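Visitor: Before we start, here is the structure in question, set down as structure tokens.
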Amino acid sequence: MNPEPHAVALGEYHAAAQAQPNIALVKYWGKRDAELNLPVVGSISITLDSLWTRTEVRFVPGAVQDRVSLNGRSDESVTKRVVACLDLLRQRAHIDWGAVVDSRNNFPTAAGLASSASGFAALVYAGGRALGLELSEAELSILARRCSGSAARSVLGGYVEWTRGQLADGSDSAAHPMLAADAWPLRVAVAITSTAAKQVGSSEGMRRTAQTSPFQAAWIATQETDLAAARSAILTCDFDALALVSEHSCLKMHALAMAAQPGLLYWNGATVECMHRVRTLRQQGLPVFFTVDAGPQLKAVCAPSAIEKVKAALREVPGVLDVLDSGLGAGAHAIALGALEA
Ligand code: PMV
């Protein structure tokens, strides 16, 4: 055992949780309220299983400061966001104690792999348990959303829809389960084409897009059609229909962002080569489609029977550094204290 320097009696304002990144098939891009992270559109995602964030939170009665470490290091911008999230939990519990937070990712942080989604879903889950708050899935999703929009979806597993909601306070903008992971166990190959942190974060990218992209109104106006198509594809497990709407939503989101001023270009050459490779595989009869978020990694979603061929094909693309592989998994859940390492 490797005792943590801050280890205390089990269960004393102390809990640990795991959450996994999610990948949007119908994308979220744009906020109707930046403070509350309320989206201009609903979105649909799948939660992964083999990539994870594990987080331990311990509130210390009487402590006045938070201590935060991510992958064994402390970083000012990460700490700021974590403290803001802890503040929401403290408000809820009517306490003002500082906390010690230790979080680990088993995949590259901040490069378009949704580390903030798994990170904040794990943090609200562990923090809520440490304080003995009995939060429903919807309440956890709303708290996670306030810390990072897409984290709302990582609270849940399998196929998930995050509803836009209409209310100004955001109480109707939470994620809901659509279909369990094992009801349609698709696989995901993630082609890593760069490990550098992205230059323009999603909040800044969304703000710039809303202010300057001529396609913003069309983006909002057409989202409901895509959501309806994806819902129906998921509920009937129709791979071809899901492929069509997912690639469409991905390319539409990037076209919207590229048309901002200055334009947002999250792809590199290898990302584009991977898109072509995936389409070629599909033309050859393999059930696979791609999606890309605010970063250069390409995610290829496929039927389980296709995963080895998809991984091998992506590995051959020049500029691909590594290919990760995941199934679909559960939502945020408790883990044993001291179980942060793989
Ligand atoms: O919630 P954020 O700030 O991680 O933004 C997520 C934006 C995309 O990943 C590009 C799309 C999505 O729906 O996850």
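Visitor: Can you give me the number of residues within the range 125-141 that are modelled with pLDDT of 95 or more, more than 14 Å from the ligand (Cβ to nearest atom) and either open to solvent by 10 Å² or more (accessible area, probe 1.4 Å) or farther than 18 Å from HIS14 by Cβ (or both)? Lay out the reasoning, then the answer.
Guide: Filtering the range 125-141 for residues modelled with pLDDT of 95 or more gives 125-133, 135-141.
From what's left, more than 14 Å from the ligand (Cβ to nearest atom): 125-133, 135-140.
Keeping just the survivors that are either open to solvent by 10 Å² or more (accessible area, probe 1.4 Å) or farther than 18 Å from HIS14 by Cβ (or both) gives 125, 129, 131-133, 135-140.
Number satisfying all stated conditions: 11.
Visitor: Can you work out which of the residues in the range 163-197 that are within 24 Å of LEU324 (Cβ to Cβ) and within 15 Å of the chain's Cα centre (by Cα) is nearest to the ligand (Cβ to nearest atom)?
Guide: Within the range 163-197, the match that is nearest to the ligand (Cβ to nearest atom) is ALA175.
Visitor: Only one of these conditions is not met by TRP267: (1) within 16 Å of the ligand (Cβ to nearest atom); (2) open to solvent by less than 30 Å² (accessible area, probe 1.4 Å); (3) within 21 Å of ASP322 (Cβ to Cβ). Which number is it?
Guide: (2)
Visitor: On to the next question. Of all the residues that make up the range 17-36, how many are touching a residue at least 40 places away in the same chain (Cβ under 8 Å), in a loop (DSSP other than H, G, I, E, B), open to solvent by 10 Å² or more (accessible area, probe 1.4 Å) and not hydroxyl-bearing (Ser, Thr, Tyr)? Step through it out loud before you land on a result.
Guide: Narrowing the range 17-36 to residues touching a residue at least 40 places away in the same chain (Cβ under 8 Å): 17-34, 36.
From what's left, in a loop (DSSP other than H, G, I, E, B): 20-21, 27-30, 34, 36.
Remaining after also requiring open to solvent by 10 Å² or more (accessible area, probe 1.4 Å): 28, 34, 36.
With not hydroxyl-bearing (Ser, Thr, Tyr) added as a condition, the list becomes 34, 36.
Residues in the range 17-36 being touching a residue at least 40 places away in the same chain (Cβ under 8 Å), in a loop (DSSP other than H, G, I, E, B), open to solvent by 10 Å² or more (accessible area, probe 1.4 Å) and not hydroxyl-bearing (Ser, Thr, Tyr): 2 in total.
Visitor: Sticking with this one: Report whether or not GLN223 is within 14 Å of the ligand (Cβ to nearest atom) and farther than 23 Å from LEU113 by Cβ.
Guide: On the way: within 14 Å of the ligand (Cβ to nearest atom): yes; farther than 23 Å from LEU113 by Cβ: yes.
Considered against the rule, which asks whether it is within 14 Å of the ligand (Cβ to nearest atom) and farther than 23 Å from LEU113 by Cβ, GLN223 comes out as yes.
Visitor: Starting from the range 200-214, take each residue that is free of Cβ contacts under 8 Å to residues at least 24 places away in the same chain and more than 11 Å from the ligand (Cβ to nearest atom) and list its partners that are acidic (Asp, Glu) and outside any helix (DSSP H, G or I), counting only C-beta distances under 9 angstrom and pairs at least six apart or across chains.
Guide: Close Cβ pairs satisfying both conditions: none exist.
Visitor: Please pick out the residue among ALA122, ALA175, ALA189, ALA168 that is surrounded by fewer than 22 Cβ atoms within 10 Å (Cβ to Cβ) and of a type in the set (Gly, Ala, Ser). Let's see the steps before the verdict.
Guide: Working: ALA122 fails: surrounded by fewer than 22 Cβ atoms within 10 Å (Cβ to Cβ); ALA175 fails: surrounded by fewer than 22 Cβ atoms within 10 Å (Cβ to Cβ); ALA189 fails: surrounded by fewer than 22 Cβ atoms within 10 Å (Cβ to Cβ).
Result: ALA168 is the single residue among ALA122, ALA175, ALA189, ALA168 that is surrounded by fewer than 22 Cβ atoms within 10 Å (Cβ to Cβ) and of a type in the set (Gly, Ala, Ser).
Visitor: Here's a follow-up. Can you find even one residue in the range 71-85 that is part of a strand (DSSP E or B) and in contact with a Phe, Trp or Tyr (Cβ under 6 Å, 6 or more places away or on another chain)?
Guide: no
The values are calculated or read from the model by the stated rules, or taken from the named source; none is laboratory data. These numbers come from a predicted model, not from an experiment. Counting neighbours? That spans all protein chains shown, and the Cβs are built from the backbone with ideal geometry, glycine included. The protein model used for the area step is the full one, side chains on, heavy atoms only, and it has no ligands, DNA or RNA in it. Shrake-Rupley method; radii C 1.70, N 1.55, O 1.52, S 1.80 Å.
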